[in-house]
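Inspection log for the structure reproduced underneath, given as structure tokens.
The values are calculated or read from the model by the stated rules, or taken from the named source; none is laboratory data. None of these values were measured; they are calculated from a predicted model. Here the Cβ positions follow ideal geometry from the backbone for every residue, glycine too, while neighbour counts run over all protein chains shown. Side chains included, ligands, DNA and RNA excluded: accessible areas come from the protein's heavy atoms. Shrake-Rupley method; radii C 1.70, N 1.55, O 1.52, S 1.80 Å.
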Amino acid sequence: IRDYHELHATQSADGTIIVHIRCEDKSLHPDEVLQTESLDGGATWSLPHSIGSWGIPSFLLPLKNGGLLFTYSYRKYPCGNRARLSADNGQTWSDEIIVSESGQEHSDLGYPSTVELDDGSFISVWYQWNPQRGYATLRQSHWQLEI
């Protein structure tokens, strides 16, 4: 039995449906982002495969330039949120981009959602547990890609 959770899907510029999966199966790829694709509108799917990214869960965003962005929680010190880009409809993903680092060792954070603004910058929003206060707070980062 596969221990898959928290799927997130989008459609790339060429029409491919891409789904990212949170994998909790310790015998496979624990806490890795797995990806599956459909080239026929969801009738059939590729086998889920690792894309070489540790961190969960994933949020996929089609970009105005036709590329794809995914943001995800990074729950190892230094905890925070990361992103990766694809210019080839999800076939390959860039090196990791640091969106935020909380500087805390507390790993209860994440579920980032990201939007692209008109100027090409991004806003990512996520929750982060605050152990001193005893509750989670909503955090955000306004960021842009360094070219």
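When the range 50-66 is filtered for residues that are more than 23 Å from Lys26 (Cβ to Cβ), in contact (Cβ under 8 Å) with a residue 24 or more places away in the chain and not charged (D, E, K, R), the ones remaining, listed by number, are Phe59, Leu60, Leu61, Pro62, Leu63, Gly66. Just one of the numbered conditions (1) under 16 Å from the mean Cα position of the chain (by Cα); (2) in contact (Cβ under 8 Å) with a residue 24 or more places away in the chain is not true of Gly42: (1).
Give Ser58, Ser86 a once-over and let me know the one that is at pLDDT below 95 and either at positive phi or surrounded by 13 or more Cβ atoms within 10 Å (Cβ to Cβ) (or both). Result of the check over Ser58, Ser86: Ser58.
Taking every residue in the range 90-101 that is more than 16 Å from Ile56 (Cβ to Cβ) and without any contact (Cβ under 8 Å) to a residue 60 or more places away in the chain and pairing it with any residue that is open to solvent by less than 40 Å² (accessible area, probe 1.4 Å) and acidic (Asp, Glu), at least 6 positions away or on another chain, yields no pair with a Cβ-Cβ distance below 8 Å. Taking the range 11-56 and the strands (runs of 3 or more DSSP E) fully enclosed by it, the elements with 2 or more residues that are among the aliphatic types (A, V, I, L, M) are at 17-23, 32-38. Tyr74 falls short on exactly one of the conditions (1) modelled with pLDDT of 95 or more; (2) under 20 Å from Pro30 (Cα atoms); (3) not hydrophobic (A, V, I, L, M, F, W, C), and that condition is (1). Within this structure, Ser141 fails the test of being open to solvent by 30 Å² or more (accessible area, probe 1.4 Å) and in contact (Cβ under 8 Å) with a residue 24 or more places away in the chain.
Only a single item in (1) out of contact with any Asp or Glu (no Cβ under 9 Å at 6 or more places or on another chain); (2) exposed (fewer than 15 other Cβ atoms within 10 Å of the Cβ); (3) modelled with pLDDT under 90; (4) not basic (Lys, Arg) is not met by Asp119, and it is number (3). Looking at Ile123, Ile98, just one residue is assigned to a strand (DSSP E or B), under 16 Å from the mean Cα position of the chain (by Cα) and within 19 Å of Gly52 (Cβ to Cβ), and that residue is Ile98.
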